[in-house]
Amino acid sequence: MKKIVIIGANSYIARNVLLKLKKDKLSTIIKLYDYTEKHADGETNYKSINILDQKSVSNIDFNCDIVFMFVGKTGSIDGFDKYHTFIDINERALLNILNEYRKQKSNAKIIFPSTRLVYKGKKGIQAENSEKEFKTIYAINKYACEQYLEQYHHVFGIQYCIFRICIPYGTLIYQASSYGTAEFMLQKARNKENILLYGKGEVRRTLTYMDDLCNVLIRGAFSEKCKNDVFNIGGEDYSLKEMAALIAEKYQVGIDYIEYPDIAFKIESGDTVFDDKKLQKIIPYNYTGRYKEWINKMEKHVMK
């Protein structure tokens with residue numbers, strides 16, 4: 001049984017991972033940390049910290065086996081205007097954690113979620129060593145954090161595992177939504193509005209259902225072989241048009257195609273379909289989530 005710490009415990013993925021850990025009884029102690037006064041789901045083993053204040057960060061107990069690092073600020077265009085915030089939350093926060101980890105002489109493995117946006121878009125599949133390109137502040141924040149983890153491992157021996165996530169969807173917790181691509185389309189359709197797509201909607205993504213995502217993150221965290229490296233998380237291959245079409249049919253709305261606004265076109269990443277063979281060799285996993293089934297169940301199980 002493992003002692004686990006979750007930092008950024010009120011985030012969308014963190015809340016789902018916590019539920020999965022508790023449901024499967026996979027750990028003995030789970031300590032939760034985030035900025036807000038209380039935990040979103042009323043968990044009591046929770047402490048409020050300011051991730052940007054080193055004294056506050058010192059209150060995190062790194063006497064554990066696994067640290068899930070879910071602190072982060074997502075966004076695309078916003079990063080150019082709010083770069084201070086993006087650098088603080090996405091980079092300084094991790095560096096504060098790493099230095100406190102060192103001070104406490106921790107041996108825990110840090111689990112860090114990264115993003116599809118580090119890749120240069122291309123037809124076909126993206127392996128972990130595929131060409132990189134950074135079109136937003138957020139993208140280069142995430143890649144910088146990947147490099148920080150590698151550096152701290154090389155210099156100080158910290159243990160880590162990086163998981164690149166493409167498009168997560170769904171939730172195991174009612175209303176714990178990511179407000180991501182699928183949920184944006186779904187919200188439009190439920191409001192009886194047409195779904196809006198830029199261009200022809202032909203860019204492709206890997207979709208990962210939340211239950212599968214949690215399973216892979218947890219299995220990776222617990223695996224002795226999954227360490228000090230970066231891995232793609234797999235799922236299903238869909239175009240944005242295909243995603244929208246299933247929702248539009250379900251809710252009897254249309255799809256509107258418009259030209260890319262200038263800035264949106266400049267930061268569009270292109271196709272990002274993941275090759276997860278590297279991870280499958282270490283922790284073989286059968287993805288059971290099906291986007292089409294998730295859509296079909298919407299009315300009975302809202303946002304699940």
Within the group Ala14, Ala9, which residue is in contact with a His (Cβ under 9 Å, 6 or more places away or on another chain), open to solvent by less than 30 Å² (accessible area, probe 1.4 Å) and within 30 Å of Ser269 (Cα to Cα)?
Ala9
Test Leu172 against the criterion of being closer than 30 Å to Ile29 by Cα, touching a residue at least 24 places away in the same chain (Cβ under 8 Å), touching a helix residue (DSSP H, G or I) at 6+ places or on another chain (Cβ under 9 Å) and buried (at least 21 other Cβ atoms within 10 Å of the Cβ), and give yes or no.
no
Of the residues Thr272, Thr288, which is farther than 28 Å from Gly157 by Cα, in contact (Cβ under 8 Å) with a residue 60 or more places away in the chain and in contact with a helix residue (DSSP H, G or I) (Cβ under 6 Å, 6 or more places away or on another chain)?
Thr272
Leu19 passes all but one of the listed conditions (1) touching a Ser or Thr at 6+ places or on another chain (Cβ under 9 Å); (2) aliphatic (A, V, I, L, M); (3) over 19 Å from Tyr152 (Cβ atoms); the exception is number (1)
If we ask which residues in the range 209-236 are open to solvent by less than 30 Å² (accessible area, probe 1.4 Å), in a loop (DSSP other than H, G, I, E, B) and small (Gly, Ala, Ser), their number turns out to be 2
Residues (without any contact (Cβ under 8 Å) to a residue 60 or more places away in the chain, open to solvent by less than 30 Å² (accessible area, probe 1.4 Å) and either more than 19 Å from Cys226 (Cα to Cα) or outside any loop (DSSP other than H, G, I, E, B) (or both)) located in the range 103-124:
Ile110, Phe112, Thr115, Val118
Hey, can you tell me all the residues within the range 125-181 that are modelled with pLDDT of 95 or more, part of a loop (DSSP other than H, G, I, E, B) and more than 13 Å from the chain's Cα centre (by Cα)?
Ile125, Ala127, Glu128, Asn129, Ser130, Glu131, Glu133, Phe134, Lys135, Thr136, Gly157, Ile158
Hits in the range 27-55 (condition: within 20 Å of Asn90 (Cα to Cα), open to solvent by 50 Å² or more (accessible area, probe 1.4 Å) and part of a loop (DSSP other than H, G, I, E, B))
Tyr35, Thr36, Asn50, Leu52, Asp53
On the given criteria, is Thr206 open to solvent by less than 40 Å² (accessible area, probe 1.4 Å), in contact with a Cys (Cβ under 9 Å, 6 or more places away or on another chain) and either under 20 Å from Lys292 (Cα atoms) or part of a strand (DSSP E or B) (or both)?
yes
Here's a check for you: in the range 56-76, which residue that is assigned to a loop (DSSP other than H, G, I, E, B) and of a type in the set (Gly, Ala, Ser) is surrounded by the most Cβ atoms within 10 Å (Cβ to Cβ)?
Gly72
Name the pairs: first residue in the range 67-87 and without any contact (Cβ under 8 Å) to a residue 40 or more places away in the chain and within 17 Å of Ile267 (Cα to Cα), second residue open to solvent by less than 70 Å² (accessible area, probe 1.4 Å) and not hydroxyl-bearing (Ser, Thr, Tyr), Cβ to Cβ under 9 Å, at least 6 apart or on different chains?
Asp78/Phe86; Asp78/Ile137; Lys82/Lys73; Lys82/Gly75; Lys82/Ile137
Looking only at residues that are free of Cβ contacts under 8 Å to residues at least 40 places away in the same chain and under 18 Å from Gly121 (Cβ atoms) in the range 190-241, which one is farthest from the chain's Cα centre (by Cα)?
Glu202
Residues of the range 253-281 that turn out to be open to solvent by less than 100 Å² (accessible area, probe 1.4 Å), assigned to a helix (DSSP H, G or I) and at pLDDT below 95, as a count:
4
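The values are calculated or read from the model by the stated rules, or taken from the named source; none is laboratory data. On a predicted model such as this, the values are computed, not experimentally measured, just so you know. All Cβ positions, even for glycine, are placed from backbone atoms using ideal geometry, and neighbour counts span all protein chains on display. In case anyone asks, the SASA skips ligands and DNA or RNA and just uses the protein heavy atoms, side chains included. Shrake-Rupley method; radii C 1.70, N 1.55, O 1.52, S 1.80 Å.
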